[in-house]
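The values are calculated or read from the model by the stated rules, or taken from the named source; none is laboratory data. Since we're looking at a predicted model, the values are computed, not measured. Note that each Cβ is placed from the backbone with ideal geometry, even for glycine, and that neighbours are counted across all protein chains shown.
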Amino acid sequence: MEASELRIGNWVKCPHGDVQIERFIDLGVRFIDGSGGTFSSIDPIPLTSEWLGRFGFDVRDDNPKQKPHYEGDVLINIAGFEFTNSMKDGFYSYGVNDGNTILSYVHQLQNFYFAVKGKELELKEIEAS
């Protein structure tokens, strides 16, 4: 992963699991859990419906705007920008850069959300069942 893609608060995958970046240090990062790593030891987390739900998005398993409709499409809305996962790797929006802006990873979603909303995208508490 490139350091230029990351911000404090981004979620990434490291050898011991999914962690959130607390700060940047020489040649690497320190995580909220107290561990650390180099940029070469972390990977992006693929953006999935499960992660969208953890961030509190109302995930719909169908996209009524997509014609023709494909089963399994997911539609999300961020500040009026609608993203779907119907035909590319990750989520994309024709309203952003003619469909060339693709959110494939959790940190990309976090960064886009901050850019358009001006606040951090927080994980929501998941109710125990």
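How many of the residues in segment 28-39 are surrounded by fewer than 17 Cβ atoms within 10 Å (Cβ to Cβ) and closer than 18 Å to Q108 by Cβ?
Selection size over segment 28-39: 1.
On the basis of being more than 14 Å from the chain's Cα centre (by Cα), among the hydrophobic types (A, V, I, L, M, F, W, C) and surrounded by 13 or more Cβ atoms within 10 Å (Cβ to Cβ), does I25 make the cut?
Answer is no for this residue.
Quick check on this structure: which one of N77, N63 is at pLDDT below 85, buried (at least 16 other Cβ atoms within 10 Å of the Cβ) and among the polar types (S, T, N, Q)?
Only one candidate passes the filter, namely N63.
Search segment 1-51 for residues being of a type in the set (F, W, Y) and touching a residue at least 40 places away in the same chain (Cβ under 8 Å), and hand back the single one that is farthest from F83 (Cα to Cα).
Across segment 1-51, the extreme among qualifying residues is W11.
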